[in-house]
Each structure stands twice: as C-alpha cells, then as structure tokens.
C-alpha cells in the first residue's frame, strides 16, 4: 500500500505545532482491496476507511468535478490510477496540499512550504472557487494563524470576492457555516475570522446581522471607538483573552445586535437596544441552528449586560429578578460565563482594554448571598403556590440589601 500523511498534520508539523490527528491518502487501491486488509469503510461521499488498529482515516486518492452549485455539487473519481499530485491539487490551500511519504520525504508540488515560510494563505488552483465552504475555511485559518502574521494572498482574496459576487457563497448550508464558525471562535484570534469575511464581502451574505453593525455610531463618551461593528470586534478580542470557551466568545460577539435596529433619528444613542436585539438573535440562532446552550447564554448577555454594568446602582429586587431569570439560584448554576462576557464588553472599548470590572465580583457575591438564604422556614410554613416563591424572593432581596450595606461600610 502506498500511503502518504497529508493535510493539517503535515502543515502543523512544519510549523512546529502539535499534531493532534493524522489523515492519510492511499494510492493504487480500491474499496475492495482496503476492506480485504481489514480497513473499515466510513466515508459517505467518497471512499474513506479507518485503520484496523490506529483508527486513523485513510482516504483513496480522488479527483472532483463540479456538477452543481454548492459544496455537495461534485462528482467524485477515486480509482487506482489517480495520482498523489492529482489528489493534492483538489485541496483548498497550498499549505494543506503537502504530503509526507512513508520514508519521510516531503512532497510539495504546489509550493506549500514556501507559502508557510512567507505566511501566505494561497489557493492551490481555480477549482477553489467551486466550493463555498472554502471561503469559511480560509477565514478560519486566518483566525488560527493570524497571530503568526499569516495573510491572504491577493489572488486568493480576489477569487473569494468573485465567489461572493457570483452567488456561490449563497449555497452555504447552516450546518457547515456553524461548524466552521464554532471552530473559528475557538481559535487564538477569532476576530480574524469575521474581519476576513468582511474584507472579502462575505460577512454581509453569511452574517448580515453582524455586518449591519458596522457604520452604526455610539456615544463617544462611553465608546471612544464610536463604531458598533468595531466595538463588537474589540469585545470578541477581549473575550478571547478572558476565556477559551467558544460559548463565552459567541455571547460577547453578539451582545449588541440590537443597535443596528435602533431608529436612525436616535443615533448615536441606543435606548432599549437590549430588547431590540433579542428577536434578531433568535433569528440568527434559528437560521444557523446554533446549539441551545450558545443561544441561552447569548440571550442572557444581550438582555442583561447593561444591568451588569450598572450593578452597583441596581435595587436589590432588580438584582434578584435578573439572577432568577437567568436561573442563577439553582443548584450548580454558574454565573461565570455571563460575567466574563460582560467584562469583555466593558473592556472592548478604545482605551479601556485593561480597566477593572468590580461589578463581576459584586454580582457573584450577590448570587452567593441569594443562594445561601434559609428557605426551610418558608417551605415548612402554610404558604402555598406562588406565595412560596414570593417569600423566597423577599429573603433574597434582604440578603442582597445586607450585602450592599456591608460593602458601603467597608
């Protein structure tokens, strides 16, 4: 069997990155010969097999021919006469079109190693434009390697712009968009993903809710950066510093969607943008089939980030109602993700990137005070139904009022 290590494992080995998974291409075999050697078939769209011992993926070398719009519109040709060079040519970027033979020799017919050295994301062939998912992949690689100085080659950027212009990007399906996006949110520089898409004109097509924020002004007193789109990118950058969770980063990114819905005559003010943004967020999450936990935290941050910023001025009853609405008095409730996203929002402003955010500590203490109240007397009383909830709420209000008093006296 002629087998070659390919793709990300080769790229990351040359970059000195840890290799977490390995993919292989096999030359000169058939599905029947692979199964005869105890490889288990798993590929749905093209012949892929799992190694009987390592369970790593081994794909038969193949070529592809475009037959219809979208990323599934391909005819696959995988026969023993397909060469390694032909297989590598169908890949997206030159840095992903390298292989290593079993004796350790690098096969690099399209200049991937040179592009790695020059920090360039360059497409292998014009066939790049046949698959709209590759637009997202380039943006994701920008998020992964942007901190190393990688940039998109001018000819690749031009090709992506053409794909946007001719409608190829319109054929992206929600599952693929979300799959690439959640990976990008987990990368070292997630803002590069959205900035790359915007620079190529794709953000307006794929994430119109985010694109609509650019050009929307905010009061310079509170937002020296003024532009809401820039603010959203700054918030995501801060969220990436505070948490490695895609969940937190997602919520931080989308918290101000409602500002694009504010009537222009009210600009640069955005009173009530928290509520205005909720249906926009819901449509966003439904369209991309975003998992419930991402949707839930994003809703909480959108609805209550302004409350969080004004935590010290809020009445105890308002604090109790906010925490209760987010389910933060339940056993094992974790307020931390919400507080991290709000902290990112506060620091995602020009000149305020390193500012303190004591509101987070206060609200965490308020949550603990509310959870610590003794509810036994209430539950053992003659109260019934909604009266029990009202009584427990009153106990929590008193506890948080006492917390506020003790903080003032310190």
*Just give me the residues in segment 385-407 being over 20 Å from residue 321 (Cα atoms) and either outside any helix (DSSP H, G or I) or within 40 Å of the chain's Cα centre (by Cα) (or both), in sequence order.*
407
*Would you say residue 149 is out of contact with any strand residue (DSSP E or B) (no Cβ under 7 Å at 6 or more places or on another chain) and free of Cβ contacts under 8 Å to residues at least 24 places away in the same chain?*
no
_strands (runs of 3 or more DSSP E) (entirely within segment 13-67) containing at least 1 residues that are within 30 Å of the chain's Cα centre (by Cα) and farther than 25 Å from residue 105 by Cβ_ = 48-50, 63-66
*Of the residues in segment 143-171, how many are surrounded by 14 or more Cβ atoms within 10 Å (Cβ to Cβ) and part of a helix (DSSP H, G or I)?*
14
*Of everything in segment 32-57 that's touching a helix residue (DSSP H, G or I) at 6+ places or on another chain (Cβ under 7 Å) and surrounded by 14 or more Cβ atoms within 10 Å (Cβ to Cβ), which residue is modelled with the highest pLDDT?*
49
*Tally time: how many residues in segment 263-280 are touching a helix residue (DSSP H, G or I) at 6+ places or on another chain (Cβ under 6 Å) and touching a residue at least 40 places away in the same chain (Cβ under 8 Å)?*
2
*Which residues, counting only those in segment 358-384, are modelled with pLDDT under 90, in a helix (DSSP H, G or I) and in contact with a helix residue (DSSP H, G or I) (Cβ under 8 Å, 6 or more places away or on another chain)?*
378, 379
*What are the residues in segment 311-329 that are surrounded by fewer than 15 Cβ atoms within 10 Å (Cβ to Cβ) and over 11 Å from residue 363 (Cβ atoms), if any?*
313, 315, 317, 325, 327
*What's the number of the condition residue 387 fails, among (1) free of Cβ contacts under 8 Å to residues at least 60 places away in the same chain; (2) surrounded by 12 or more Cβ atoms within 10 Å (Cβ to Cβ); (3) in contact with a helix residue (DSSP H, G or I) (Cβ under 8 Å, 6 or more places away or on another chain)?*
(3)
*Flag for residue 368 being on the phi < 0 side of the Ramachandran plot, surrounded by fewer than 16 Cβ atoms within 10 Å (Cβ to Cβ) and either under 28 Å from the mean Cα position of the chain (by Cα) or touching a residue at least 60 places away in the same chain (Cβ under 8 Å) (or both)*: no
*In segment 330-339, the residues that are touching a helix residue (DSSP H, G or I) at 6+ places or on another chain (Cβ under 9 Å) and closer than 24 Å to residue 250 by Cα*: 330, 333, 335, 336, 337, 338, 339
*Among the candidates 140, 119, which residue alone is surrounded by 20 or more Cβ atoms within 10 Å (Cβ to Cβ), under 20 Å from residue 16 (Cα atoms), touching a helix residue (DSSP H, G or I) at 6+ places or on another chain (Cβ under 7 Å) and modelled with pLDDT of 95 or more?*
140
*Do you know which residues across segment 206-226 are buried (at least 16 other Cβ atoms within 10 Å of the Cβ) and within 30 Å of residue 168 (Cα to Cα)?*
206, 207, 209, 210, 211, 212, 213, 214, 216
*Taking the stated definitions as given, is residue 176 out of contact with any strand residue (DSSP E or B) (no Cβ under 7 Å at 6 or more places or on another chain), closer than 20 Å to residue 284 by Cα and surrounded by fewer than 21 Cβ atoms within 10 Å (Cβ to Cβ)?*
yes
*Every residue from segment 91-105 that is under 20 Å from residue 126 (Cβ atoms), touching a residue at least 60 places away in the same chain (Cβ under 8 Å) and in a loop (DSSP other than H, G, I, E, B)*: 91, 98
*Using the structure shown, decide if residue 355 is assigned to a helix (DSSP H, G or I) and without any contact (Cβ under 8 Å) to a residue 12 or more places away in the chain.*
no
*If a residue has to be under 25 Å from the mean Cα position of the chain (by Cα) and assigned to a loop (DSSP other than H, G, I, E, B) to count, how many in segment 1-12 make the cut?*
1
*Look at segment 188-199 and say how many of its residues are part of a loop (DSSP other than H, G, I, E, B) and surrounded by 23 or more Cβ atoms within 10 Å (Cβ to Cβ).*
1
*Considering (1) at pLDDT 90 or above; (2) exposed (fewer than 14 other Cβ atoms within 10 Å of the Cβ); (3) not in a helix (DSSP H, G or I), say which one residue 85 fails and leave the rest.*
(3)
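The values are calculated or read from the model by the stated rules, or taken from the named source; none is laboratory data. Quick caveat: nothing in here was measured; it's all calculated off a predicted structure. Please note: Cβ atoms are built from the backbone with ideal geometry, for glycine as well, and neighbour counts cover all protein chains shown.
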